[in-house]
Amino acid sequence: MLTERSLVAELRRHHLFSRLPEAAMQEVCASANLRRLPAGTALFHQGDKAERFYFLFSGQVKLHRVVCDGQEKLVEIIRSGESFAEALLFTGTPNYPVSATALKASLVASLHGAHYRRMLEEHPSICLDILATLSIRLHQRMNEIDTLTMANASRRVVRFLYQSQDEDSGVVTLDVPKRLIASKLGIQPETFSRILHRLIESGMISVQRRRIEILDSQGLAAYQE
């Protein structure tokens with residue numbers, strides 16, 4: 001059961017819950033489980049029965065899966081204030097297609113999927129908001145597919161930098177380890193580091209630990225190595 005007022009208020013602000021009637025929101029909180037995950041702890045595994053979806057109050061959770069060659073592939077990094085696994089409510093997928101593991105100590109609300117879906121059926125107008133959000137996520141996935149289908153690893157890294165930069169400052173802040181970024185780009189960690197080094201030598205970026213500043217936006221856009 002979720003009872004702490006500040007957590008309930010934070011959950012209430014999320015688009016999945018913001019338009020629920022108060023009585024329905026109370027039902028959600030009554031059926032919720034609050035879980036504290038030390039770093040490195042698995043929340044669920046690929047293939048587990050998908051009965052619940054989740055909201056992350058604090059920390060970081062990585063979604064990852066084992067692909068055909070046995071390697072781990074990073075799918076997404078979940079950050080504070082984000083939900084995950086809710087799309088399975090609408091696809092009828094019986095099992096999680098990914099695993100979820102805490103990257104940092106995390107506080108997660110575990111929510112009952114069938115119960116939430118029943119409430120949506122009782123309040124269909126809420127579904128429009130959810131569909132809009134799922135459409136945005138689909139668009140993001142399409143962009144990621146475009147990036148992964150590029151044969152040139154350098155172009156994948158350049159595209160990542162452009163998509164991740166702060167629009168005002170041109171700064172990219174890496175809030176996860178470089179090896180995870182490399183995994184998401186479908187390249188080896190040493191390849192990612194080597195490309196960054198080349199971009200530094202070319203004067204296009206500067207790197208200070210996890211802070212990357214784009215110095216030559218036009219040159220970076222034309223970079224083809």
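The values are calculated or read from the model by the stated rules, or taken from the named source; none is laboratory data. As the structure is a computational prediction, the values presented were derived from the model and not from experiment. Please note: Cβ atoms are built from the backbone with ideal geometry, for glycine as well, and neighbour counts cover all protein chains shown.
Numbers at a glance
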quantity	calculated
Residue match in the range 43-50 (condition: surrounded by fewer than 19 Cβ atoms within 10 Å (Cβ to Cβ) and at positive phi)	yes
Some residue of the range 51-63 being without any contact (Cβ under 8 Å) to a residue 40 or more places away in the chain, of a type outside the set (D, E, K, R) and closer than 24 Å to ILE130 by Cα	yes
Set ARG19, ARG36: member being surrounded by fewer than 17 Cβ atoms within 10 Å (Cβ to Cβ) and modelled with pLDDT of 90 or more	ARG36
Test: residue in the range 87-95 that is touching a Gly at 6+ places or on another chain (Cβ under 6 Å), in the same structural domain as CYS127 (by TED's automatic domain parsing) and surrounded by fewer than 17 Cβ atoms within 10 Å (Cβ to Cβ)	yes
Conditions (1) of a type outside the set (D, E, K, R); (2) more than 14 Å from the chain's Cα centre (by Cα); (3) assigned to a loop (DSSP other than H, G, I, E, B): number failed by PHE90	(3)
Test: residue in the range 55-77 that is among the charged types (D, E, K, R) and over 19 Å from the mean Cα position of the chain (by Cα)	yes
Matching residues, the range 165-185, being among the hydrophobic types (A, V, I, L, M, F, W, C) and in contact with a helix residue (DSSP H, G or I) (Cβ under 8 Å, 6 or more places away or on another chain)	VAL172, LEU174, ILE181, ALA182, LEU185
In the range 166-205, residue surrounded by the most Cβ atoms within 10 Å (Cβ to Cβ) [restricted to those that are among the β-branched types (Val, Ile, Thr) and over 18 Å from LEU63 (Cβ atoms)]	ILE195
Any chance SER99 is among the small types (Gly, Ala, Ser), surrounded by 17 or more Cβ atoms within 10 Å (Cβ to Cβ) and assigned by TED's automatic domain parsing to the domain that holds ALA24	yes
Scope the range 66-87; condition closer than 18 Å to LYS178 by Cα and assigned to a strand (DSSP E or B); matching residues	GLU72, LYS73, LEU74, VAL75, GLU76, ILE77, ILE78, ARG79
Long-range neighbours under 6 Å by Cβ, at least six apart or interchain, first residue on the phi < 0 side of the Ramachandran plot within the range 6-25, second assigned to a helix (DSSP H, G or I) and surrounded by 12 or more Cβ atoms within 10 Å (Cβ to Cβ)	VAL8/CYS29; HIS15/ASP129; HIS15/THR133; PHE17/LEU11; ARG19/ILE126; ALA24/MET119
Residue in the range 46-64 that is under 18 Å from HIS112 (Cα atoms), among the hydrophobic types (A, V, I, L, M, F, W, C), assigned to a loop (DSSP other than H, G, I, E, B) and modelled with pLDDT of 90 or more present	yes
Condition check for LEU111: surrounded by 15 or more Cβ atoms within 10 Å (Cβ to Cβ) and not small (Gly, Ala, Ser)	yes
